[in-house]
1. Check region 238-245 and report whether any residue there is out of contact with any Ser or Thr (no Cβ under 9 Å at 6 or more places or on another chain), not hydrophobic (A, V, I, L, M, F, W, C) and not in a helix (DSSP H, G or I).
2. Being in contact (Cβ under 8 Å) with a residue 60 or more places away in the chain, outside any loop (DSSP other than H, G, I, E, B) and open to solvent by 10 Å² or more (accessible area, probe 1.4 Å) is the filter here, so list the residues in region 97-106 that pass it.
3. Do you know which residues across region 260-273 are open to solvent by less than 40 Å² (accessible area, probe 1.4 Å) and more than 13 Å from PRO60 (Cα to Cα)?
4. Please enumerate the residues belonging to region 162-199 that are open to solvent by less than 20 Å² (accessible area, probe 1.4 Å), out of contact with any Ser or Thr (no Cβ under 8 Å at 6 or more places or on another chain), aliphatic (A, V, I, L, M) and part of a helix (DSSP H, G or I).
5. Kindly list the number of the only condition in (1) over 22 Å from ILE57 (Cα atoms); (2) in a helix (DSSP H, G or I); (3) touching a residue at least 12 places away in the same chain (Cβ under 8 Å); (4) open to solvent by 50 Å² or more (accessible area, probe 1.4 Å) that fails for ALA211.
6. Restricting to region 130-150, name every residue that is in a strand (DSSP E or B) and either out of contact with any strand residue (DSSP E or B) (no Cβ under 9 Å at 6 or more places or on another chain) or more than 16 Å from HIS278 (Cα to Cα) (or both).
7. With respect to GLY159, determine if the residue is open to solvent by less than 40 Å² (accessible area, probe 1.4 Å), at pLDDT 95 or above and within 28 Å of PRO249 (Cα to Cα).
8. Please verify whether ALA109 is modelled with pLDDT under 95 and surrounded by fewer than 20 Cβ atoms within 10 Å (Cβ to Cβ), treating the condition exactly as stated.
Amino acid sequence: MAASTVSRTFSRPGRVHAGTAERVRQVADELGYRTTPQARALATTRTGMIAVLVSDIGNPVYAEMVRGVQAAATKAGCTVLLADSQESDRRERAALERALPSVDGVVLAGSRMSDSAIRVIAKQKPVVVLGRAVVDVPSVVPDNGRGVRAAVEHLAGLGHSSLSYVAGPAASWADGVRWRSLLDTATELQLRVRRVGPFSPDVAGGVRAAAELCAQPTAAQPSTALLAYNDQLAIGVVRGLRSRGVRVPEDVSVVGFDDIGAAELVTPGLTTVAAPLHAGGAAATRALLAMIDGAPGATGSPVVLPVRLVVRGSTAQRSRKSTSPASGTTKVSPSAAQASTSTSAGSR
């Protein structure tokens, strides 16, 4: 068998007939042969490794994204190097500096770096951004606008006319997009909205948000529904409200975003916007692998993946006798919506 066939079996498995590749691997196992990324890089300038950087590996959103990355990478015969930046752009940069010489490309999931910093990295190695749109860099995002609209229309259909948005990290691109989408939809539907936060995107952050909401003075038109930046925040809000005697959904309806596994396990089950987390990770990885193989990266509009609203027990018809913790709402006009819009640097 030709040496080139053996080489392709390990360096580019998709280019070798399945039967031939299986025979090569069987012989390699018998001989105790093992490939290493370093040796492969010397011969081909490829390492067969890709890096995926996430902002918080403890967040179930990123865990599911990484599973999608892993599935697509494994199918292509690649190894995944995982790094957790712990919500720090400084740690993210440091991890990239260490990883870049050893990988063929990078998936940035929930990056906290600036757009300009990401574009600098993209000039050195193929890069795909997941969960955020970056100009001139291939990106894969969920349909945040459609998801927020579905959630707001659901709440409006239940009779809620005043909503509060529980914001996530200030550096989150997704947070900014979701807030602006809420303003736009509220303007169209003539709803009152307000923003509280930012809060850390976890259960503890949600508990703190509930405490802040309950500490505010009662207004003439309090919010009877809350839309949280993500599911973990929403779960924390529910926990914090219930500890203060506020019932969900009898007094306040709560909606999250992402549909993590815990959303259907908590009581009441969380109404949420289901984002294609696994599919997003896989799509970003396939795009990255194509770029590594020489395909041009799509740097125009980001790839937008569909979302859907999952209705559970945390939302209900507005009660005229409800006790709401969220007060101080103001009716949104088109000019106010535009004035409240701001662009953030990061993602999730």
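1. Yes, region 238-245 has at least one match.
2. Selection gives SER102 alone.
3. PRO268, GLY269, LEU270, THR271, THR272, VAL273
4. LEU182, ALA186
5. Of everything listed in (1) over 22 Å from ILE57 (Cα atoms); (2) in a helix (DSSP H, G or I); (3) touching a residue at least 12 places away in the same chain (Cβ under 8 Å); (4) open to solvent by 50 Å² or more (accessible area, probe 1.4 Å), ALA211 misses just condition (4).
6. Within region 130-150, the subset in a strand (DSSP E or B) is 130, 134, 137, 139-142.
VAL134, VAL137 - these are the residues of region 130-150 that are in a strand (DSSP E or B) and either out of contact with any strand residue (DSSP E or B) (no Cβ under 9 Å at 6 or more places or on another chain) or more than 16 Å from HIS278 (Cα to Cα) (or both).
7. In short, yes.
8. no
The values are calculated or read from the model by the stated rules, or taken from the named source; none is laboratory data. As the structure is a computational prediction, the values presented were derived from the model and not from experiment. Here Cβ is always computed from backbone atoms with ideal geometry, including for glycine, and neighbour counts include all displayed protein chains. For the accessible areas, the whole protein counts, side chains as well, though only heavy atoms, and no ligand, DNA or RNA atoms are used. Shrake-Rupley method; radii C 1.70, N 1.55, O 1.52, S 1.80 Å.
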